[in-house]
């Protein structure tokens with residue numbers, strides 16, 4: 001799976017990842033919108049979405065590592081590991 005491994009930076013409700021030249025590789029703007037009832041979504045929800053998006057690459061790598069540790073632990077518990 002390909003994804004942007006560079007660190008995502010936050011500037012208000014915008015997140016971006018820079019390339020090796022220091023220019024934008026990707027830029028995402030999270031705007032407040034309206035829910036199904038036409039109610040404006042609170043800024044806190046937009047802030048949380050920005051935080052989750054910017055943290056996603058690190059969370060993904062951590063989960064991959066944890067999955068490998070779990071596989072090893074299960075193999076040991078089942079007597080399949082050396």
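Residue by residue through the range 1-20, note down the ones that are at pLDDT 80 or above, touching a strand residue (DSSP E or B) at 6+ places or on another chain (Cβ under 8 Å) and not in a strand (DSSP E or B).
Listed by number, the list holds a single entry, 19.
Determine whether the range 48-59 contains at least one residue that is under 21 Å from residue 5 (Cβ atoms), at pLDDT 80 or above, surrounded by 10 or more Cβ atoms within 10 Å (Cβ to Cβ) and touching a helix residue (DSSP H, G or I) at 6+ places or on another chain (Cβ under 7 Å).
no
Report yes if residue 28 is touching a strand residue (DSSP E or B) at 6+ places or on another chain (Cβ under 8 Å) and modelled with pLDDT of 80 or more, otherwise no.
Judged against the criteria, residue 28 is a match.
Can you find a residue that is under 18 Å from the mean Cα position of the chain (by Cα) and modelled with pLDDT of 80 or more anywhere in the range 69-82?
For the range 69-82, residues under 18 Å from the mean Cα position of the chain (by Cα) and modelled with pLDDT of 80 or more: absent.
What are the pairs with Cβ atoms under 8 angstrom where one residue, in the range 41-53, is at negative phi and in a loop (DSSP other than H, G, I, E, B) and the other, located anywhere, is surrounded by 14 or more Cβ atoms within 10 Å (Cβ to Cβ) and modelled with pLDDT of 75 or more? Sequence gap at least six, or different chains.
none
The values are calculated or read from the model by the stated rules, or taken from the named source; none is laboratory data. Keep in mind it's a predicted model, so treat the numbers as computed, not measured. Counting neighbours? That spans all protein chains shown, and the Cβs are built from the backbone with ideal geometry, glycine included.
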